[in-house]
Amino acid sequence: MDEALSLQEILKIIKKRLLLIISFVVISAGVTSLLLFYVIPPIYSAQTQILVNQNNINQEVYGWSQLETDLQLIDTYNVIIKSPAILNKVIEELNLDITTESLSNQISVSNEDNSKVVNIIIENKDYGQAVIIANKVAEIFKEEIPTLMNVDNINILSSAAKNDSPSSVKPNKVLTIGVAAIAGLLVSIGLAFLLENLDSTIKNEKDIEEILSLPVMGTVSLMRLEKGNKSSGSQYHARRS
């Protein structure tokens with residue numbers, strides 16, 4: 001019974017503050033939408049792939065041991081791709097006005113388990129710039145790896161190509177607006193309960209029992225005066241004055 005009463009009270013408070021709750025949700029979603037569409041710049045990505053494989057090698061000689069060697073080298077290659085030895089040359093050749101650390105933060109390198117294909121992904125505010133950087137990183141890496149590790153087993157599998165209508169990868173506008181709306185809902189509900197708890201005005205006999213800890217002995221109902229009684233009362237007061 002208490003649980004049902006508590007639920008009823010919760011619904012009553014929500015219904016009482018419904019306008020406040022709706023306002024918070026609309027404002028949160030609206031402000032977030034304005035920021036996403038007019039303030040926060042979208043982030044685009046471009047990807048190129050390189051293949052770790054021995055060049056000019058007899059396929060009959062290329063056995064399991066060589067495959068294992070290539071796979072083990074991939075982890076090392078992933079580190080080298082983001083190293084200053086590669087990125088400094090990329091910045092120099094493209095005349096980029098950024099630091100090596102900043103460029104490194106734009107790059108993510110990955111590969112599937114037991115796969116010799118390495119994905120180089122560039123995220124940038126400028127989609128065209130992302131494509132150019134992705135291809136240049138792969139190109140410089142292929143040129144420099146024979147000198148750095150005395151191996152020649154890198155081929156560019158696919159280069160990044162421009163898309164006429166690229167879509168941004170960050171931020172996810174629908175998800176972000178949805179999260180903002182839910183956050184506004186939760187905050188507004190919490191605020192509604194806070195306002196209800198801070199409201200110490202006595203509205204009914206139950207409030208008297210809860211706030212003053214006094215039993216209610218009786219209630220006085222409001223009564224409407226009849227027109228005749230009201231006029232008589234007025235005359236009575238007039239005579240006394």
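What FRET efficiency, computed as 1/(1 + (r/R0)^6) with R0 = 25 Å and r the Cβ-Cβ distance, is obtained for SER115 and SER159, rounded to the nearest 0.05? Before the final figure, lay out each step's value.
Details: r = 19 Å, r/R0 = 0.74.
Efficiency, from the Cβ-Cβ distance: 0.85.
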Heavy atoms of VAL179 accessible to a 1.4 Å probe, total area in Å² rounded to 10: 80
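Sorted by mean Cβ packing within 10 Å, highest first, what order do the peptides 163-172, 16-25, 115-124 take? Please report the intermediate quantities before stating the final value.
Numbers: 163-172: 11.3, 16-25: 15.4, 115-124: 18.9.
The densest-packed peptide leads the list: 115-124, 16-25, 163-172.
Report, in listed order, any pair from LYS116/LYS142; LYS82/LYS142; LYS82/LYS125; LYS16/LYS173 with a Cα-Cα distance greater than 22 Å.
Details: LYS116/LYS142 15 Å; LYS82/LYS142 13 Å; LYS82/LYS125 19 Å; LYS16/LYS173 32 Å.
Result: LYS16/LYS173 exceed 22 Å.
Mind giving me the FRET efficiency for LEU11 and LEU35? R0 is 25 Å, r the Cβ-Cβ distance, nearest 0.05 is fine.
Working: r = 33 Å, r/R0 = 1.33.
With R0 = 25 Å, the Cβ-Cβ based efficiency is 0.15.
The values are calculated or read from the model by the stated rules, or taken from the named source; none is laboratory data. Remember, predicted model here, so these are calculated numbers, not experimental data. Positions of Cβ are backbone-derived with ideal geometry, glycine not excepted, and every protein chain shown enters the neighbour counts. For the accessible areas, the whole protein counts, side chains as well, though only heavy atoms, and no ligand, DNA or RNA atoms are used. Shrake-Rupley method; radii C 1.70, N 1.55, O 1.52, S 1.80 Å.
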